[in-house]
Structure formats: structure tokens, C-alpha cells
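Step one of this worksheet: look at the structure below.
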Amino acid sequence: MSVFNLFKDRSAASVAGMLAAVLGASVLLYYWTAPEKKVQDFIGPPRSGYVLTNFDLDSYNEEGKPAFKLVAPHLERREGDESLYINAPDFVLPSVKETNVPPWTGHSQYGWVNKDGSLLKLQGKVHMERVAFLANPPASIDTSEVTAWPKENRLETAEAARIVQGTSTMDGVGMRANLDTKHLELLDAVHTVYQPRKR
């Protein structure tokens, strides 16, 4: 049977067969002549939604109380996850429960804050201190790579840490702290020096 006879008979099967052949040929022609996909040539960190210089950032918890404060020379907000990347932040971590307790203040080389401000990373070397109050002597913490939950006033690190309170010095590896309950815990290789009190 010739192609001419197929068109002449016009049966449904023959017409469907011809359409399938034409469709297949057009798909092959499209893929043969279509331009190549554009290669994504951008390599680098995600783009910034905005950049701030010399800024103050105040974050509050669900009760409207201060959770933390950051002051730094440079901040970038990422478009993808809306997190904040910060250079050389000075920070303030106030007590969530007790208003008469002075805050912990400090500095780190870098910082990162997630979208809702519930997670704060203090990266590089980290120094924290709290002034004396009531019967509590001044205290300081020197460590690195701190992960903090400022709305809960908790922090931890897996790195070496030194805690100095009054005349006592504690060194160890790994630290957990609840700044509201004043609970500091060194996890491994702990060495403590207590200076005798003056008589």
C-alpha cells in the first residue's frame, strides 16, 4: 500500500500513524537544531540581599525582652536563607530572667545569625566578660567557635575554653553554659587553679 493510498483511505489508524511519524520527526529536528543550555558560570558565595556598615542590631525574644545586641562594622544578608553574616561583632547577651544581673559582653572575629534570631554563631576567637555584681566577682570566658541560643541564654563550644572568675581559673576542652542559671560546664581535659584568699 502506497502513502497516497493511505491518505485516500483516510482511516483513523493510518492518519494516526502518519501524525505520530511527523511528530517524532519534528521532535528529533528540534533537539538537533535547538541551542545548547546556558551554562551557569557564576561561582562564589550566594548574593547579598543587602549590606550594612557600622550598624547596631537589637534582637528580642517572644516576650519582647532583649535577647542580644550586635554592633559591627559590616553585615551582609543572604538572599537564599535570609541569614546574616557579620564581621568583627561586639555583642551583648543580657539575662533573660533576671534584670538586675549585668549582661555578658564580648567580641568575636565573625558572626552569623539565622533568619529568626534564635541561633547565633560567634566564629573565630571569642572573648566574653561580665562585671562584678553583688557577691559575684568579675568573670571572663576565652574560647572560639561558640554556638549560642540567645533567646534561651545558652551557649556551647567544642573548642578549648578558659573561664576566669575572680581569682579562679579553669581550662578545658568543650564548654556548655546557661547564662541565666550561671551554670558553666567544661567537658574534657579540665584543669583548675584556685588562688588562696587574702587573710
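A compact table of results
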quantity: Simple Cβ-charge dipole of the chain, Lys/Arg +1 and Asp/Glu -1, about Cα centre, in debye nearest 20; calculated: 40 debye
quantity: Modelled FRET efficiency - R0 45 Å, THR192 with VAL92, Cβ distances, 0.05 increments; calculated: 0.95
quantity: Heavy-atom surface of segment 72-199, accessible at 1.4 Å and reported per residue (Å²); calculated: 55 Å²
quantity: Length gained when the stretch HIS74-THR33 is fully extended (0.36 nm per residue, less Cα-Cα span); calculated: 9.8 nm
quantity: Accessible area (Å², 1.4 Å probe, nearest 10) - MET170; calculated: 50 Å²
quantity: Solvent-accessible ranking of GLU145, GLU62, largest area first, probe 1.4 Å; calculated: GLU62, GLU145
quantity: Label-point separation, ALA25 to ASP56 (7 Å along Cα→Cβ), nm; calculated: 7.6 nm
quantity: Accessible area of ARG176 in the full protein assembly, 1.4 Å probe (Å², nearest 10); calculated: 110 Å²
quantity: Per-residue SASA entry for LYS151, accessible area with 1.4 Å probe, Å² rounded to 10; calculated: 40 Å²
quantity: Cut-off 14 Å between beta-carbons: net charge of the residues surrounding ASP142, Lys and Arg +1, Asp and Glu -1; calculated: -1
quantity: Between 0 and 90°, nearest 10: helix 12-33 axis offset from the chain longest Cα axis; calculated: 50 degrees
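The values are calculated or read from the model by the stated rules, or taken from the named source; none is laboratory data. Here the structure is a predicted model, which is why all the values come from computation and not from measurement. Every residue, glycine as well, gets a Cβ built from its backbone with ideal geometry; the counts of neighbours run over all protein chains shown. Surface areas here come from the heavy atoms of the whole protein model, side chains and all, with no ligands, DNA or RNA. Shrake-Rupley method; radii C 1.70, N 1.55, O 1.52, S 1.80 Å.
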